[in-house]
Amino acid sequence: MAPGELGTLCAEATITKKLEGNMPRLALYCFAIVLIAPVNASAHHSRAYFYDTNRVIEAEGVITRILWRNPHTRFWLQDDNGEEWELESTPPATLLRHGLGPEALAEGTRVRVAGPAARFEAHAMEVHNVLLPDGRELLIQTVARPRWTEDAPILQPSEFAEADVAAAEASANGIFRVWSREYGQTFSLRPDNDYPLTEAALAAREAYDPVADNPIPGCTAKGMPMIMSNPLPFEFVDEGDEIHLKIEEYDLVRIIHLDTGADTDTGADVGAASPSILGHSVGRWEDGDLVVTTTQINFMHYGSSIALSADAHVLERFELSGVERRLDYTLTVTDPETFTEPLTARRHWVWMPGETVKDWSCVESP
């Protein structure tokens, strides 16, 4: 079974279980799926630049320290030759949601690890597989496959307390609830077709330096529209004339202004709003869908290597499914300096009653 198919089955079974609290415990055979965005859009750095995915290496030793913090978990181990290895993994916010806490990688634990080798350091890698002392093999990247055991460990997505599930079901009202990425689902905002880049944008992408030009180093927040490709939960909150979109990643809050008389197809009536990384968003309800236009964006990036101009216009549509368990999303970006025609991309989220938006609490690497 393909990883995406497995992830979808896990999500459907998990949602069903949470909605039907009296069901017997389900045997969910799920990988510990921890998704990392494709290189073009959402990583905090370009993985392909720093790691050689065609050269997978192994190391074995004792963990000497761990940095359990967003945006990326890092840990170090000393091998039997006395060499120290620096290892990068995914954010704790994602690992914890799959039942993997810091105790699994505690100091003094002997582990075997494998993953793409670092391009510029001899003893560093992006970890995909971890073999624990008890024989469990953890797959902590989407692309990981069992390496030392016949089967991946059976790790289920975290379960929610019955009281939290009941509270979420009672308070949910249309789009106003917490939305999550579906297990196994990609979350990049790749366009429907190839990127329709202008000659100037193509030249800029060719000249892009993943280190010097990275727009989101460390704890630097993503802006619009890149932030909508993030992998973590968000929540729509009804604030009367405004809708607040609370995003876990970077602890951001997008404010969507309602009933302003704006023409959301043209972005008119932006008023005196000052440019910001999230821009000025104006929304309206259209046949039950939330349609939002955002202008005044000064983040200037669609993906790390694709720059936007100050005139970029973003149109979003959030469409709730009939059973209110799925939220479909369509993004259209118009920017004549970057794209030869409007760029359209799509993704979706699912409702997992009991899930919450947690503090991001990002800490810069020392």
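Since every read-out is calculated from the coordinates, none of them should be taken as a lab result. What you see is a predicted model; the values in this text were computed from it and never measured. Neighbour counts run over all protein chains shown; Cβ positions are idealised from the backbone, glycine included.
Tabulated values for the structure
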| item | result |
| --- | --- |
| Net lengthening on full extension, T220/H244 (0.36 nm per residue, minus Cα-Cα) | 6.5 nm |
| Label point distance in nm, E103-N298, each placed 7 Å from Cα along Cα→Cβ | 4.7 nm |
| Qualifying GluC sites (Glu not before Pro) for region 68-101 [loop in DSSP, other Cβ within 10 Å: at most 14] | E83 |
| Gained length - E341 relative to R136, 0.36 nm times residue gap less alpha-carbon distance | 68.8 nm |
| Relative exposure of H244, H123, judged by other C-beta atoms within 10 Å (fewest first) | H244, H123 |
| Region 75-232: equivalent-ellipsoid semi-axes (sqrt of 5 x gyration tensor eigenvalues, Cα, Å) | 31, 29, 14 |
| Fewest-first ranking of W85, W148, using other Cβ atoms within 10 Å as the exposure measure | W148, W85 |
